[in-house]
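J.: First the structure, then my questions, so here it is.
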Amino acid sequence: MDFDTIAAVATPMGEGGVAIIRVSGPEAVETVDTIFRGKQKLSTVDSHTIHYGHLHEPKTGDLVEEVLVSVMRAPRTFTREDVVEVNCHGGIVSVERVLALILDNGARLADPGEFTKRAFLNGRIDLSQAEAVIDLIRAKTDRAMKVALNQVEGKLSRMIRKLRQNLIEAMAHIEVTLDYPEHDVEDVTQQLLMDKCQEVKEEIARLLQTASQGKILREGLSTAIIGRPNVGKSSLLNSLVQEEKAIVTDVAGTTRDVIEEYVNVRGVPLRLIDTAGIRETEDIVEKIGVEKSRQLLQQADLVLLVLNYNEELTEDDYRIFEAAKGFQVILIINKFDLPGRIDLEEIKRHFPNQPLIMTSAKEETGIDLLEKAIAEAFFSGKVQQDDLTYVSNARHIRLLRQAEQAIDDAISGIDERMPIDMVQIDIKKAWELLGEVIGESVGEDLIDQIFSQFCLGK
Ligand code: GDP
Ligand code: ZN
């Protein structure tokens with residue numbers, strides 16, 4: 001494919017230290033050579049070497065910046081094109097000047113994600129890996145980062161390829177059967193097809209099982225903190241937020257700006273639902289404790305139900321119990337520093353299998369136990385910590401579901417002794433859908449859409 005030469009700042013803007021401006025494309029070396037003065041012309045240096053020098057305005061000869069320049073020639077680069085990286089001082093002014101100079105001398109400003117798009121289009125990475133780069137940029141915790149990294153390394157791609165290989169083999173057997181109808185191979189083929197399809201189905205189901213955890217790692221565990229007014233919800237929340245690093249992101253909503261708050265609890269990102277509401281409009285919220293609790297529950301993966309150790313259960317508590325049933329609940333008995341009046345046995349009767357934690361937000365006790373319970377609620381022994389191949393991308397999940405459906409259809413077809421070329425249609429469909437996960441049969445539009453999600457310079 002023929003590409004022009006693109007450039008962009010590859011490091012976060014305005015963050016001091018050193019900034020890197022990345023240039024990629026057939027003219028990358030020539031472009032930087034026009035403005036660079038060092039011991040050697042860059043066109044003569046070995047690949048994958050770094051050079052000290054200065055950038056000058058070629059027309060006037062004015063000194064612009066002191067730089068280190070890395071020269072990396074195709075194909076051993078991220079984009080598989082010639083890549084030059086200019087390291088300069090990190091201040092915004094100097095970065096802008098260097099970028100402007102490069103853009104004036106042969107490069108075009110890269111679109112967001114264009115470097116990664118080229119890596120994909122030049123066959124350096126597949127689509128699921130490219131999408132993982134997006135996740136990597138957005139990863140909110142170390143664990144989410146690891147999942148994305150594994151995907152960049154191609155673990156998901158390898159699994160998908162293996163499944164497709166199985167389906168290809170199944171299709172090959174069908175071809176043989178169709179080509180030699182006089183041989184009595186139908187029965188053998190039926191069994192073999194069934195085995196292959198079952199195997200693929202199980203593997204897809206396993207991948208899909210990881211999806212909810214993958215999604216949570218990527219987007220955070222939606223957590224609702226509910227309970228009557230004055231039981232200590234805000235105080236507990238503050239303890240959690242203090243202890244852990246809270247990440248606050250502004251998400252532009254349709255009607256108003258929603259504040260999403262992330263708390264990283266032992267590697268599990270909690271997305272606290274509507275904490276702005278809990279904190280700021282205390283009065284309103286407190287008045288409609290039960291109603292608000294119901295609302296918050298709608299979107300919750302995890303419910304933190306807070307009760308007051310110092311008071312007997314009230315009608316409102318019972319209503320909140322009813323609303324919380326069926327959710328994954330952690331019961332928090334707060335104000336444990338005060339004398340006990342609550343009926344713990346009664347609570348256990350309502351939630352026999354849910355963890356119950358005693359806390360005092362005032363004295364900061366039990367918060368560590370709460371964190372442990374949250375982490376356990378998430379992992380609940382299901383996740384192997386070392387094998388973090390989760391499916392976390394909505395597009396992958398949709399494709400896998402569709403592929404699972406196609407395989408199901410194939411399996412019913414085999415069961416019902418449908419004509420074997422009908423079964424083949426379903427198998428081929430599954431094979432194509434899996435191919436879309438790794439980008440082997442996707443159209444231009446989708447590619448553009450995926451890559452437009454990137455930050456500039458990636
Ligand atoms: P919310 O309405 O559920 O959000 O409750 P708040 O967090 O606003 O707390 C209500 C009142 O209870 C405040 O005066 C807190 O200082 C107090 N409080 C919260 N947690 C505790 C606790 O563990 N022990 C004691 N003694 N008081 C607490
Ligand atoms: Zn409150």
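Since every read-out is calculated from the coordinates, none of them should be taken as a lab result. None of these values were measured; they are calculated from a predicted model. Here Cβ is always computed from backbone atoms with ideal geometry, including for glycine, and neighbour counts include all displayed protein chains.
J.: Using the beta-carbon distance between Ile425 and Thr11 and R0 = 45 Å, what value does 1/(1 + (r/R0)^6) give for FRET efficiency, to the nearest 0.05? List each step's numbers first, then the result.
T.: Working: r = 50 Å, r/R0 = 1.11.
The value I calculate is 0.35.
J.: Quick one: of Lys155/Lys429; Lys41/Lys117; Lys162/Lys429; Lys201/Lys428, which pairs are farther than 20 Å apart, Cα to Cα? Don't skip to the answer; put the middle values down first.
T.: Numbers: Lys155/Lys429 23 Å; Lys41/Lys117 30 Å; Lys162/Lys429 16 Å; Lys201/Lys428 14 Å.
Beyond 20 Å between Cα atoms: Lys155/Lys429; Lys41/Lys117.
J.: Continuing with this model, one more query. Residues in the stretch 422-437, backbone N under 18 Å from the label point at Leu178 (7 Å along the Cα-to-beta-carbon vector): list them, ranges by number please.
T.: 422-433
J.: Listed highest first by mean packing, meaning other Cβ atoms within 10 Å per residue, what order do 347-360, 423-436 come in?
T.: Values: 347-360: 15.8, 423-436: 21.4.
In decreasing order of mean packing, 347-360, 423-436 become 423-436, 347-360.
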